[in-house]
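Accompanying notes for the structure given below.
The values are calculated or read from the model by the stated rules, or taken from the named source; none is laboratory data. In this text, all values refer to a predicted model and were calculated from it rather than measured experimentally. All Cβ positions, even for glycine, are placed from backbone atoms using ideal geometry, and neighbour counts span all protein chains on display.
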Amino acid sequence: MNVRQETQELLGRMGVPAGRLSGGDLVVRSPVTGEKIAALKSISAADAANAIEAADKAFRVWRNVPAPKRGELVRLLGEELRAHKADLGRLVSIEVGKIPSEGLGEVQEMIDICDFAVGLSRQLYGLTIATERPGHRMMETWHPLGVVGVISAFNFPVAVWSWNAALAFVCGNSVVWKPSEKTPLTALACEAIFARAVARFGDAPEGLLKVLIGDRAVGEVLVDHPKVPLVSATGSTRMGRDVGPRLAKRFARAILELGGNNAGIVCPSADLDMALRAIAFGAMGTAGQRCTTLRRLFVHESVYDQLVPRLRKAYESVSVGSPLETSALVGPLIDKAAYSGMTRALEAAKAEGGKITGGARVENGHAEAYYVRPALVEMPKQAGPVLEETFAPILYVMKYSDFDAVLADHNAVGAGLSSSIFTRDLMESERFLSVEGSDCGIANVNIGTSGAEIGGAFGGEKETGGGRESGSDAWKAYMRRATNTVNYSKALPLAQGVSFDID
Ligand code: NAD
């Protein structure tokens, strides 16, 4: 098969001209074969700043369009995504290495958030609040914010953009997007798909969406630009440590969606068949390259010898291979650096007394493609690499005996994204969800850590950054709130009974 040619055909069908794909400095490789599939031109800092200015101009027009009408544009975007689901899903598989159902699932998530945002466009509600002053009315209004900067990671190359963009557009904002330098092609596809929706919509301002192709330096232009009041940045905690303070320095808002080190607890009463499947998908799915991937597993000593041998067997038998040509469940790692990181973590785990099943590289005839067998590591205790996120399919398994102690271990890492418990004991599940339970932004019972739906607010605590995007009331971060008090009386009573009479 010719991956490069197929990439060009897919992009052509979605509306990206072939001329954009060659002759540039930014080399794009498919992790499936390791081959070069495009060389895009990175944007200069000056052109990135110009794009932000253009998006700011577009915002000043778009904010005056009634919100339900803005929703119509997002409805059309959802329609275009439906029409191009197969092509965009396939391109995600080519550019990231996701298996077909996950590539398509990512596009489905985009469609889902568009549907959500269309409904939201008629529900940007503010409160009416009881006032202490007679003849007065107090209320909240929500206004568009401005240019929303989106910086995204390689592993959800298109869904993360749509979670932010669909809400940002209905909220009356424009969007400037800096996709991962590892996955710019799917971003170009989204830009073209969005342009189709804009053409059908008719009178949207030019510049509503700008895509900035480039590396971290281009992201920094977005982070530092005074006309970007909000940056939603998804990526590593290392990136967040740089981006967060820079935004704070200029009092811009941040939605930080950073690394996870997600854990599951398997209790004595757990349905082990169900737990096994959830653990296998959570830990090995997407080759361990989800922010919500299950990385730590605590198993009660009474069920350890029933569950862990079965898990070992699943690790030994899971299929690893090309997502484009086989029906394997585990595709490639994104690149060599990811493979090196995995190797280093496994060596460190061994030094801490870890017993490893799997983890070896799988040769597939492409020297620059990095396929690995997922690794299951039985650890004597939570130490060393277990405390960090390694963005690869490594699951550390530990035995526990005491519920209080396991809750403490569960929370004893820097990240706080996703978590789950497998139990049929009501008290255990309620304690896990309670104030003294999981400290994560996502806490699940009898389902795994990965695979969130768009209806809930998505994000995590601590070193995961504290941001929330997607469903629930996450939209509020994309708008500014004004509290309005209207006096319809003939007097001027002051709040708190203060008197200030002048002659
Ligand atoms: P990364 O941090 O290397 O890069 C992410 C993005 O940030 C890229 O677009 C990159 O160019 C940009 N960037 C990096 N440093 C920057 C800086 N100083 N200023 C501006 N932009 C900068 O992450 P990655 O390897 O692409 O993705 C994997 C990481 O992302 C993992 O840690 C994973 O857990 C995390 N992630 C988190 C979520 C979430 O919702 N919490 C979702 C997906 C991925």
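Results, tabulated for the structure shown:
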{"item": "Residue in the range 251-273 that is within 20 Å of the chain's Cα centre (by Cα) and part of a helix (DSSP H, G or I) present", "result": "no"}
{"item": "Number of the exception - L124 against (1) crowded, with 18+ Cβ neighbours inside 10 Å; (2) closer than 17 Å to A197 by Cβ", "result": "(2)"}
{"item": "Test: residue in the range 165-175 that is near the ligand (Cβ under 10 Å from one of its atoms) and either assigned to a helix (DSSP H, G or I) or aliphatic (A, V, I, L, M) (or both)", "result": "no"}
{"item": "A348 vs. criteria surrounded by 18 or more Cβ atoms within 10 Å (Cβ to Cβ) and small (G, A, S)", "result": "no"}
{"item": "Selected residue [at pLDDT 95 or above, crowded, with 18+ Cβ neighbours inside 10 Å and more than 16 Å from the ligand (Cβ to nearest atom)] from V228, V243, V266, V221", "result": "V266"}
{"item": "Qualifying position, being basic (K, R), over 29 Å from W475 (Cα atoms) and either touching a Leu at 6+ places or on another chain (Cβ under 6 Å) or in contact (Cβ under 8 Å) with a residue 40 or more places away in the chain (or both), among K41, K57", "result": "K41"}
{"item": "Top-ranked residue of the range 286-302 - restricted to ones that are within 13 Å of the ligand (Cβ to nearest atom) and assigned to a helix (DSSP H, G or I), ranked as farthest from the chain's Cα centre (by Cα)", "result": "A287"}
{"item": "Which numbered condition A283 fails, given (1) surrounded by fewer than 23 Cβ atoms within 10 Å (Cβ to Cβ); (2) under 28 Å from G451 (Cα atoms)", "result": "(1)"}
{"item": "Single residue of G459, G451, G471 found to be at pLDDT 95 or above, within 16 Å of the ligand (Cβ to nearest atom) and out of contact with any helix residue (DSSP H, G or I) (no Cβ under 7 Å at 6 or more places or on another chain)", "result": "G459"}
{"item": "Residue selected from the range 421-444 under the condition part of a strand (DSSP E or B) and within 16 Å of the ligand (Cβ to nearest atom), by the criterion nearest to the chain's Cα centre (by Cα)", "result": "I442"}
{"item": "Verdict on A86 being in a helix (DSSP H, G or I) and either buried (at least 16 other Cβ atoms within 10 Å of the Cβ) or out of contact with any helix residue (DSSP H, G or I) (no Cβ under 9 Å at 6 or more places or on another chain) (or both)", "result": "no"}
{"item": "Single condition S180 does not satisfy, out of (1) surrounded by 24 or more Cβ atoms within 10 Å (Cβ to Cβ); (2) out of contact with any strand residue (DSSP E or B) (no Cβ under 8 Å at 6 or more places or on another chain); (3) over 27 Å from P393 (Cβ atoms)", "result": "(3)"}
{"item": "Conditions (1) in contact with a Pro (Cβ under 9 Å, 6 or more places away or on another chain); (2) within 18 Å of V406 (Cβ to Cβ); (3) without any contact (Cβ under 8 Å) to a residue 60 or more places away in the chain: number failed by H300", "result": "(3)"}
{"item": "So G34, is it touching a strand residue (DSSP E or B) at 6+ places or on another chain (Cβ under 9 Å), over 30 Å from A168 (Cβ atoms), touching a residue at least 40 places away in the same chain (Cβ under 8 Å) and not charged (D, E, K, R)", "result": "yes"}
{"item": "The range 471-503, residues that are exposed (fewer than 14 other Cβ atoms within 10 Å of the Cβ), assigned to a helix (DSSP H, G or I) and not small (G, A, S)", "result": "Q496"}
{"item": "First in the range 470-494 and touching a residue at least 60 places away in the same chain (Cβ under 8 Å), second anywhere and outside any helix (DSSP H, G or I) and of a type in the set (F, W, Y), Cβ under 6 Å, 6 or more apart", "result": "S470/F458; M479/W142; R481/W142"}
{"item": "Search result, residues across the range 188-218 that are within 16 Å of the ligand (Cβ to nearest atom), part of a helix (DSSP H, G or I) and either touching a Leu at 6+ places or on another chain (Cβ under 8 Å) or over 27 Å from V16 (Cα atoms) (or both)", "result": "L188, C190, E191, V218"}
{"item": "Verdict on I94 being within 27 Å of R216 (Cα to Cα), in contact with a helix residue (DSSP H, G or I) (Cβ under 7 Å, 6 or more places away or on another chain) and not in a helix (DSSP H, G or I)", "result": "no"}
{"item": "Residue in the range 382-389 that is farther than 18 Å from E316 by Cβ, touching a residue at least 60 places away in the same chain (Cβ under 8 Å), in a loop (DSSP other than H, G, I, E, B) and under 26 Å from the mean Cα position of the chain (by Cα) present", "result": "yes"}
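For (1) within 27 Å of T234 (Cβ to Cβ); (2) in contact (Cβ under 8 Å) with a residue 24 or more places away in the chain; (3) buried (at least 24 other Cβ atoms within 10 Å of the Cβ), each residue gets a yes or a no:
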{"position": "A415", "(1), (2), (3)": "yes, yes, yes"}
{"position": "S419", "(1), (2), (3)": "yes, yes, yes"}
{"position": "S429", "(1), (2), (3)": "no, no, no"}
{"position": "I442", "(1), (2), (3)": "yes, yes, no"}
{"position": "A452", "(1), (2), (3)": "yes, yes, no"}
